[in-house]
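The values are calculated or read from the model by the stated rules, or taken from the named source; none is laboratory data. This is a predicted model, so every value here is computed, not measured. Here the Cβ positions follow ideal geometry from the backbone for every residue, glycine too, while neighbour counts run over all protein chains shown. All accessible areas refer to the heavy atoms of the entire protein, side chains included, with ligands and DNA or RNA removed. Shrake-Rupley method; radii C 1.70, N 1.55, O 1.52, S 1.80 Å.
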Amino acid sequence: MSADRLPELRRQLQAASYAYYVLDAPILEDGVYDRLYRELQTLEAQYPHLITPDSPTQRVGERPASQFVSVAHAIPLYSLENAFNREELEQWRGRWRRLAPEAEVEEYVCELKIDGAALALTYRDGILTQGATRGDGTTGEEITQNVKTIRSIPLRLTLDNPPSWVEVRGEAFLPVEEFNRLNQERQEKGENLFANPRNAAAGALRQLDSKIVRQRRLQFFAYTLHLPGAEEEIGNQWQALDLLKQMGFLVNPHRRLCPDWESVTDYYQTWETRRHSLPYLTDGVVVKLNDYGLQQELGFTQKFPRWAVALKYPAEEAPTVVKAIEVNVGRTGAVTPLAVMEPVQLAGTTVQRATLHNQDRINELDLRLGDTVIIRKAGEIIPEVVRVLPELRPPGARPYQMPSHCPECDSLLVRAQEEAALRCLNPLCPAIVRESLIHWASRNALDIQGLGEKMVVLLMGKGLVQSIDDFYRLSWQDLAPLERLGEKSAQNLVQAIEESKQQPWFRVLYGLGIRHVGVVNAKALSRRFPSAEALGAASLGDLLGVYGIGEEIAESVQEWFRDPDHQALLARLEALGLTLAQAPEGNNSQAKPLAGKTFVLTGTLPTLKRQQAQALIEEAGGRVSSSVSAKTDYLLAGESPGSKLEKAEKLKVPVLGEEAFLALLKTESAAP
């Protein structure tokens, strides 16, 4: 292989990454990308002196950093003044108008305030040379190697003639789906859960090992451009955002150019409710005067720009009283304390329980029975105890200590040296068995309708089910006499259990409950190892070769498959007719009715939940994307569809309602 091929390989891979991570419109198959990437790695190993900083291979460093170095910001990163209601927003408007009474045009740019971590990125001659945290606004920490792991940050600007120096500001954030995945993994390990996606993102960026940062799968929205000498040419914030897109950055698609003040308040009101449907968290709206000349005229206070303000949505916190602390044993044996509280309304729901994670967290809070506490929903998702109000503590309240024995089977609880959680190690513990059975039937696993937690508890109590394969031996005659059932319901449940035998291999793999293997990892493993036999025979190196699979997951998979009881379980499931292998590509993928079709979902559907619609599409061979592009085949739109509908109409992408979607699915399935 010739070194002359290096520039072309880098160009192809950079173009493919931009298309995939920014445009959400892939131009290369995964296998082709992998082949080109390996070719680039091989060539750079032969010619190490030709490795360039913008090479795709340089996104993750070979060695962890020993420390972070402080760097001075060439341009200070000012904080934004906060407004907490419309009255304070009006006061901000009045202040800038008094300072610039001659301003003829009152035009604003409104952007969602992303709940993440601010970054400053420096490019020289189009190449990313430095990434830094905000720090105190004057000095930050240089985290370039970590920044390079964020795929929506270009290593090279996509401009034919890039400027000699440019600085881009923006927000690194953790999507909600990734936040949930990380917390699920941490809960299984008995580690403290991240309080919210912002903390998780900030913590990731300060990891010394960039390989760990890559596993967090951060994203980045650019929102500020500093390009000396080009202020007159660019002219305003709206044009700067457009230029950032041309440079290869992901810019929030929900920004709005507001020609008057009423548009600003309308934008804020619109997103006060719509923000809950976004795949990332936003805690407010940033309002900026659009015109750069007016911005320059207004200038800055000691802390804030006078031409911008952050209008924050109210944080939902509430006080309540801890009545009891219960201990829950999960399917991995991890023992988790739960605070049982006086019911309180929070973020639109009634909250009575909140996780306390482990004994370390209880000690940190100094939580005691009867304490008055402040709770909130972490990232508006997970109820958590934020702090204790000791001044309201009842007399004689004592510190809480976790039990030494399992509350379900009385086995001695064990705390591994590297873990924060106590664990029950008895595989026959009723709680572990129960939670494993519930997990098997859950939506992301075998998705067995009618087989929820209460039904599993009932079946166990009657001695009908002790292992997941027992589900497939049930008859409707076994179930009909049970409370809340009857003949018809019993027949429906048996039918749902029978139909679950057709679920694909990745769902079965996830349903097995292998420690640390979530839905995403189960899909990745099933693609690489298309059967239980192949996965069980995989070496540690084979497993580590799968994207997203680290040593901890790989070792957990190997340990699970080495267990004779688990091998016996797989044999029983196979004998009962469950799918333990992926169907051959030629017989399965191409025959599926929506094979090769890309859908985007938006709005609230009349009857289907978004997860259900996505499952129908994927099971029919289709793909669900997060944003509309020219390669989108259909937009499935419900109530309050937002900007995705506008973009679909602009690109002439067919738009389907739920009824039309189900009709399409039925028609395509019936086609020869």
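Points to keep in mind about this one:
- For segment 281-313, the set of residues classified as closer than 14 Å to Glu107 by Cβ, of a type in the set (A, V, I, L, M) and assigned to a strand (DSSP E or B) consists of Val287, Leu289, Ala308, listed by residue number.
- Checking each residue in segment 535-558 for being more than 21 Å from the chain's Cα centre (by Cα) and touching a residue at least 40 places away in the same chain (Cβ under 8 Å) picks out Ser556, Val557.
- Residue identified as touching a residue at least 12 places away in the same chain (Cβ under 8 Å), open to solvent by 30 Å² or more (accessible area, probe 1.4 Å), closer than 28 Å to Leu244 by Cα and touching a Ser or Thr at 6+ places or on another chain (Cβ under 9 Å) among Arg198, Arg206, Arg169: Arg206
- Helices (runs of 4 or more DSSP H) enclosed by segment 503-568 - at least 1 residues per element that are out of contact with any Phe, Trp or Tyr (no Cβ under 8 Å at 6 or more places or on another chain), open to solvent by less than 50 Å² (accessible area, probe 1.4 Å) and at pLDDT 90 or above: 505-511, 532-537, 540-544, 551-562
A quick yes/no check of all residues on (1) under 18 Å from Asn183 (Cα atoms); (2) in contact with a Leu (Cβ under 6 Å, 6 or more places away or on another chain); (3) open to solvent by 20 Å² or more (accessible area, probe 1.4 Å); (4) of a type in the set (Gly, Ala, Ser):
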{"position": "Arg376", "(1), (2), (3), (4)": "yes, no, yes, no"}
{"position": "Pro383", "(1), (2), (3), (4)": "yes, no, yes, no"}
{"position": "Arg393", "(1), (2), (3), (4)": "no, no, yes, no"}
{"position": "Gly396", "(1), (2), (3), (4)": "no, no, yes, yes"}
{"position": "Pro403", "(1), (2), (3), (4)": "no, no, yes, no"}
{"position": "Gln417", "(1), (2), (3), (4)": "no, no, yes, no"}
{"position": "Asn444", "(1), (2), (3), (4)": "yes, no, yes, no"}
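- Pick from segment 449-486, criterion assigned to a helix (DSSP H, G or I), closer than 21 Å to Gly513 by Cα and not aliphatic (A, V, I, L, M), ranking: farthest from the chain's Cα centre (by Cα): Arg473
- Selection status of Tyr123, touching a strand residue (DSSP E or B) at 6+ places or on another chain (Cβ under 6 Å), surrounded by 15 or more Cβ atoms within 10 Å (Cβ to Cβ) and not in a strand (DSSP E or B): no
- Scanning segment 131-147 for residues that are within 26 Å of the chain's Cα centre (by Cα) and open to solvent by 20 Å² or more (accessible area, probe 1.4 Å) gives Thr133, Arg134, Gly135, Glu141, Glu142, Gln145.
- Yes/no for Glu107 being open to solvent by less than 80 Å² (accessible area, probe 1.4 Å), modelled with pLDDT of 90 or more and under 30 Å from Phe194 (Cβ atoms): no
- Filtered by the rule that a residue be part of a strand (DSSP E or B) and either under 27 Å from Glu191 (Cβ atoms) or modelled with pLDDT of 95 or more (or both), segment 132-165 gives Thr133, Glu141.
- Restricting the search to helices (runs of 4 or more DSSP H) fully inside segment 597-672 and requiring at least 1 residues that are more than 28 Å from Asp266 (Cβ to Cβ) and without any contact (Cβ under 8 Å) to a residue 60 or more places away in the chain gives 610-619, 658-670.
- Annotation note: of Ala240, Ala172, the sole residue that is assigned to a helix (DSSP H, G or I), touching a helix residue (DSSP H, G or I) at 6+ places or on another chain (Cβ under 9 Å) and at pLDDT 85 or above is Ala240.
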